[in-house]
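We did not get these values from a lab; they are worked out from the coordinates using the rules stated. On a predicted model such as this, the values are computed, not experimentally measured, just so you know. Cβ placement follows ideal geometry from the backbone for every residue including glycine, while neighbour counts extend to all protein chains displayed.
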């Protein structure tokens, strides 16, 4: 992600595109560190707030009837062309598009644009931004309704040695769950997105046109925090305000076949903290001999202490004053949705998928679900300094850096959260610690009562026997651009199963084993067909 080397005075954040998008700037304290070190901020003990569910009312997805129409000729076309559709997904995965390293990003953007043209979109173009290009597409079916398709074409970095199959080979691999496609982007997010376009192509091939008009607003920086996505929306904002909603193709089934429909995301701030030598102490130009620690301050210890000041010793309670104050309480609709989730929750299955043995503080059930969806986090993504190679090198490094993210539930403003972090560091004597903002945006959420959500639930009920609806996931995406800026509903939707996002051996299930209740690729594509028609018919 681009790094601006301008040091800002606390509280100054320039906003680009939308007034809630966090600009990428460097934030540093402006007080004399030798004086500030002598004082610390005295506050009352900080504890994590507790939320409760106060109603027994439960939202049941089964109360919405299953989608009953059948589009047999399109389904048949999908079945007849399934090998070709698998190859289309493989082609996308074999094209690297690692946004953090600018590896294959331009080529992937061009591939997406060219594919939209080949499918029949009348408009398909690259959109210039201050970062990686966006991709815009418009398919005019002459229909009454227009749907927005949000896409991300970038993926996370990889360590090839950690993979059972090379991450960009996109091989079909035999798995305990069936035949899976393994590769970076298989489930996050190239697999389901290309499956959606396969469904679009099948509808056009059979019926000549789509039942709805379709706009595409794709980005190549989602894995960087979507810093320039507002610039894509800027160019087409007037047209986008007329759409009925936005969809994000998504593999939403669990290993047991149950499906979770997601209505929102947490917000996020992502930043770097860096300690360097200077007038306050420490080497100023380069590393020095480790023996001089007897006389010279260590920037590495300085950073460790600054990080440690931000949370409790176990890392689970944020000690930034007032950080929890603005969390929006659980509303009635969310409580009803959560009751539905808890009745179908399989915590042990989730732990196994994540490779963990316990939640923090031994939480279970309602407490764990509320913590996941309504609590902000403070997470160290990476930390580095000095020598980390084999053997020994006794040095005193001149700087140390950490990458940190904080997930933000509804109610917490990203700029205000950053300002509180800066204030905390300064009040505790860490004015020399630089805070570089790399990205951020607020949470977003859609009501279960929205027309397109009702259509999605009806289709989900057709393809799986168990559907739960969650108000949001604990992860982040720039959906506020739709829900807040454009004022339209947004839903990540799709049957099917995938796992390994951001991790080695990422997979998307293509052909489940006999007896499985998970949808394979053919059913995934058919469900997207049904969704487009259900939306048009509502």
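Would you calculate a helix-derived [θ] at 222 nm for the chain, using -39,500 (n - 2.57) for each DSSP H run of n ≥ 4 and dividing by the full residue count, to the nearest 500?
-9000 deg cm²/dmol
Specify, per residue and in Å³, the volume enclosed by the convex hull of the alpha carbon atoms belonging to segment 379-426.
Convex hull of Cα atoms, per residue: 92 Å³.
If you bin the C-alpha pair distances of segment 334-471 every 10 Å from 0, what whole percents do you get?
In whole percents, the pair-distance histogram is 8, 25, 28, 23, 11, 5, 1.
To make sure I understand, if each residue's beta carbon is the centre and we count other beta carbons within 10 Å, what order do 266, 235 fall in, fewest to most?
235, 266
How far is helix 229-240 tilted off the main Cα axis of the chain, in degrees rounded to 10, range 0 to 90?
Between the helix axis and the principal axis of the chain, the angle is about 40 degrees.
Give me the distance between the Cα centres of segment 107-144 and segment 255-303, rounded to whole Å.
38 Å
What ranking, highest mean first, results for peptides 510-522, 474-486 when packing means the other Cβ atoms within 10 Å averaged over each residue?
474-486, 510-522
Less than 17 Å from a label point 7 Å out along the Cα-to-Cβ axis of residue 285: which backbone N atoms in segment 357-396 qualify, by residue?
Residues passing the 17 Å test: 396.
Give the relative contact order (percent, whole number) for segment 74-155; include only Cα pairs under 8 Å separated by 6+ residues.
Computed value for segment 74-155: 24 percent relative contact order.
Rounding to the nearest 10 and keeping the result within 0 to 90°, find how far the Cα-based axis of helix 414-427 lies from the longest principal axis of the chain.
The answer is roughly 20 degrees.
Averaged over all directions, how much area does the convex hull of the C-alpha atoms of the chain cover when projected, in nm²?
Projected over every direction and averaged, the Cα hull of the chain covers 25.5 nm².
If you take all C-alpha pairs in segment 411-538, what percent of them are over 17 Å apart?
Tail of P(r) above 17 Å: 71 percent of Cα pairs.
Write down the radius of gyration of segment 228-307 and its Dmax, each obtained from C-alpha positions, in Å.
Final numbers for Rg and Dmax: 24.8, 67 Å.
For segment 47-203, evaluate the Debye formula with one uniform point scatterer on each Cα (no solvent term) and list log10 I(q)/I(0) at q = 0.11 Å⁻¹, rounded to two decimals.
The Debye formula, applied to the Cα set alone, gives -0.62.
Going by how many other beta carbons lie within 10 Å of each one, how would you line up 431, 466, fewest first?
466, 431
Any idea what angle helix 82-94 forms with the longest principal axis of the chain, computed on alpha-carbon atoms, 0 to 90 degrees, nearest 10?
In the chain, helix 82-94 runs at an angle near 20 degrees to the longest axis.
Quick one: Debye curve from the C-alpha atoms of segment 91-160, no solvent, what's log10 I(q)/I(0) at q = 0.25 Å⁻¹?
Debye intensities relative to I(0), on a log10 scale: -1.15.
If packing is taken as the mean number of other Cβ atoms within 10 Å per residue, what is the order of 451-462, 44-55, highest first?
Put in order of decreasing packing, that is 451-462, 44-55.
Suppose we keep just the DSSP beta bridges with both residues in the chain; what percent of those would be antiparallel, to 5?
Here the antiparallel bridges make up roughly 70 percent for the chain.
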